[in-house]
Structures are given as C-alpha cells and as structure tokens.
Amino acid sequence: MTAAHERQTQTRESALVSFPQDFRWGAATSAYQIEGAVDEGGRGRSIWDTFCDTPGAVLGGDTAAEAVDHYHRYAEDVALMAELGLNAYRFSLSWPRIQPSGTGPADQRGLDFYRRLVDELLQAGIEPWITLYHWDLPQALEDKGGWPERDTALRFAEYAALAHEALGDRVRNWMTINEPWCAAYLGYASGEHAPGRREPAAALRAAHHLLLGHGLAVQAMRGRRSGSRIGPAVNLYAISPASEAPEDLDAARRIDGLQNRFFLDALLHGRYPEDLLEDLAPFGFADHVRDGDLQTIGVRNDLLGINYYTRHTVSGRPGEATQAASSPFSAVSPWVGSEHVRFVSRGRPVTGMGWEIDPDGLLEVLSRVHRDYPAVPLYITENGAGYDDVPDPDGSVRDDDRIAYLDAHLRACARAIEAGVPLRGYFTWSLMDNFEWAWGYSKRFGLVYVDYATQRRIPKASARWYAQTIRRGGLPG
Ligand code: FCB
C-alpha cells in the first residue's frame, strides 16, 4: 500500500459514522404479513382474514392467505438473515395460531412453529425479538366486541403469559403491542384496517384497552418468569404546524397529543395528557377508565420500541388536504375529536407511500423521548421505505432510493447516540416484501424482493448495502 493510499484509508476509517459495539442490527416483520398458511396447524381466524374477505377493503382484493409463505420457508428466510449479518430479528406471534379462539389453552402446533423458528434463529446467532400483538386479533374476540371491550385486554394478558411460558426460556426480548395508535384508530375509527369499524368513541375505548392489555401482559409475564426484557412498540411522528397561525399551532398540539403524547404519557408517566382529555371529553373518553388502570398501564418497561417513518405537517385552517392519505380507503378521519385537521405537504421528497422523507424528524423524536420520558433503553423497532420496486431485466433490484432513506435515518440515529440518547438498536422495516395491509401487495418495503408468483427471494441492492453497513459497524463519513 502506498503512503498516500494508507492516508486515504485512515481518513476514510476515522470518518466512519460508527455505532456501539453491542448495537442491535435487525430487520422486522409481522406474522400476518408474511406467514400465510392461514388454515394450517390449527390456526383460528383473525380479524384480518375477515377483513381481506370484505369486498373493497384491501386494494386489488389481495389476501394474505399465502402471503410470502414464511410458515413453510422460515428456514430459508433465517438463512437469508444470516447472510445479511443481522444480529437480531423482530417478528410477531400470531395470536390465533396459539389460541385459535382467543381463549383457553395454547395449541401446541402453533407454539411448535415458533419454537422451530426461534431455534433456527438461535442456531444462526440471531437474537429473536418477539412482538405479541401485531394486529391479528382472533376473530372470536372481535365477535365479542373486540378491543373496545375491557375483556379483550384480560384475554391478551392470558395469551401473553402462555406465549412467554412456552418461549421465554429462549427469547429474552419481548414487545407487547405494536402501534396501538393504528390498531385503535385505523381499526375502529377510520375503518381502513381490520376490523373496519367506523365508531370514533369505540376507537378511544380500544386505545385504552390496548394500553391496559400491555400493562396486564407485562405483569403476567413478569409474575411467571424473570430475566425477560419487555416493552411496547409505538409509532411516533415528528409533528409541525403548517404556520404560526393559532389554528395551526392548535392542530399540531392536538395531533401530537393523539399520536404521541397519549401513548407516551400513559405508558411512561401513568397518566393521560390533560389537554387531550378535554378534547376527547365529548366522546366520553374517561368513562371507561377505571381506578388503577393508569397505574397498570404505567408499569415499568425494560425497553421502548419506536417505529418512525415520517413527519406530519398539520393545519387547523380550512383548505385542501395535500398529503397522501394513509391508505387508499381513508374516507373517514382516524383523528377522533380533531377531524378538521388537515395534513399538508411541504413539497419535499416522499417515498412510494407518499410519506415525506424526514430523517431530522427521527432525531427530533428520539431527543424528545429522551428529554421528556424516564430513561429507558430505546430501540428503533421499525423504519423503512415503501417503493414499487421492479427487477431489472437481469433480475437484480436496484433500490437506490431505499438505500438513501436508510442511510439518512441511520445517520440520524448516530447523531442521537452521540447526543446521549440511549438508542441500542435499529430494526429496518422490512426484511422482505410482504402484505402491506390495506395496500395489499402494491407496496414493497423489503430489503429482499419477493416474486409473489414463485415466492423466490431476491436480495435487493439495499440488502447488500445493509450487510456492508453491519459488517463495518457504521457508515462512511
Ligand atoms: C407500520 C406497521 C408495519 C408496516 C409498516 C409499513 O405501521 O407496523 O406492519 O405495515 O407500517
């Protein structure tokens, strides 16, 4: 090596944006989006099976009956993860695989599938991270009223205890609920997601019971086995007012309240924000909150999962909504009590979902959580970009936009860590293309392309880029 070359290499390495040695480099998926095999192994029906069967509910009439066949191809998928060099993998358990009707003893066939998956991961040196609820409620529980009913929270805690009992010996990291905002408001207010109900007051009850379910589940799991690390995964957004006008400032307060503070205050401070309680009073929000509930919800967490995708810029003044809707069918607002708020575009670049690309927003969210909530280890449990990837004639998938998105967001993570935020890991959404809820298969988020006709997996350029990033322990300066 010449002296000049050596100098150059040194400069390059010292300019590396590096991450802590024990940083978790992961990818995330969820059961319903990848498993398929909906009628195998004794699995019961979930609200998403019913939703997929509802005409007009999912774009193109797509269903997840086969999804990407992960139920049968899990070993191949774990091998792919190993090739990428992931040291952690976040996936969810399908509640109706474990308790087909949402109550009663666990079905061993369901648990056995996850035992096999976990063992495969451990053998490959990949740490399993389990999410207990990623939106696939057993249909039998929805038939009894679903999340707006308090009983669903109690049933969830029972299921959590069963799953933890069976897998807690080999899985250390557990997330209870994924994105309770989506489960409550898209499921029960706007009806864009299963079960497709449009009952704003019921959505508020659902949000409370999802949180209560979290608290009860943590207690039930800790009561049976120690040594696990448990916490929720919430979807947080950076929020900006469209202008300094009082109506816009109020819109930002409201949306930040519904989207972020409602969940963070309850989970980490054991209370609901006062201003939000006022906004929601006309819906009878506090009526179903019983004494002691907030104490249960505010149970100590060992970790907090943050899913981050974008920023919302909002206005409280009348005008045209310019930001793409969250799903193709969002005729009704999920913003209970703040239906007048408009989501406006700042004209910045967006992903294939129409979501503005804003890595600074991620730094903002991380800094805010670190500043306003008790010190709890943080993990980015989802972050990624959906595009309509198309393979080149030679079969390769060049997703430079995704690489740019991930690169910028990882740099935001590095800046947060440097500023003292206890961020310990990053899971990109998603390992592979999959069933994107109401969007069906029209949006691809994977590092790995899936040819849905043959189920062939093709690592995209972003997969190679991520593998290199992991190997290097960071990004070039
Ligand atoms: C999140 C969900 C995840 C996936 C991504 C794109 O809201 O948790 O399942 O759909 O969005």
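The values are calculated or read from the model by the stated rules, or taken from the named source; none is laboratory data. A quick note: this is a predicted structure, and the numbers were derived from the prediction, not measured. Note that each Cβ is placed from the backbone with ideal geometry, even for glycine, and that neighbours are counted across all protein chains shown.
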Could you run through segment 81-111 and say how many residues are surrounded by fewer than 20 Cβ atoms within 10 Å (Cβ to Cβ), in a helix (DSSP H, G or I) and touching a residue at least 60 places away in the same chain (Cβ under 8 Å)?
2
Residue by residue through segment 13-62, note down the ones that are outside any helix (DSSP H, G or I), more than 16 Å from the ligand (Cβ to nearest atom) and of a type in the set (V, I, T).
V17, V38, T54
Number of the exception - Y185 against (1) in a helix (DSSP H, G or I); (2) closer than 22 Å to L236 by Cβ; (3) away from the ligand (no atom under 16 Å from the Cβ):
(3)
Looking at this structure, is I458 in a helix (DSSP H, G or I) and in contact (Cβ under 8 Å) with a residue 12 or more places away in the chain?
no
Selected residue (criterion: nearest to the ligand (Cβ to nearest atom)) from residues of segment 353-362 that are surrounded by 17 or more Cβ atoms within 10 Å (Cβ to Cβ) and not β-branched (V, I, T)
M353
So, in segment 287-321, exactly how many residues are at pLDDT below 95 and either loosely packed, with under 15 Cβ neighbours inside 10 Å or under 23 Å from S430 (Cα atoms) (or both)?
5
Give me the pairs: first residue in segment 56-68 and at pLDDT 95 or above, second residue among the acidic types (D, E), beta-carbon distance under 6 Å, and six or more apart or on different chains, which are they?
A67/E35
Is segment 177-198 home to any residue that is buried (at least 24 other Cβ atoms within 10 Å of the Cβ) and in contact with a Cys (Cβ under 7 Å, 6 or more places away or on another chain)?
yes
I'm trying to understand the selection: among the residues of segment 256-294, which are in a helix (DSSP H, G or I), within 20 Å of D151 (Cα to Cα) and out of contact with any strand residue (DSSP E or B) (no Cβ under 9 Å at 6 or more places or on another chain)?
A266, F285, A286, D287, H288, D293, L294
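Could you check how many residues of segment 165-182 are more than 16 Å from the ligand (Cβ to nearest atom) and within 16 Å of the chain's Cα centre (by Cα)?
2
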Those residues of segment 368-386 which are in contact with a strand residue (DSSP E or B) (Cβ under 7 Å, 6 or more places away or on another chain) and either crowded, with 18+ Cβ neighbours inside 10 Å or without any contact (Cβ under 8 Å) to a residue 12 or more places away in the chain (or both) amount to V369, L378, Y379, I380, T381, E382, N383, G384, G386
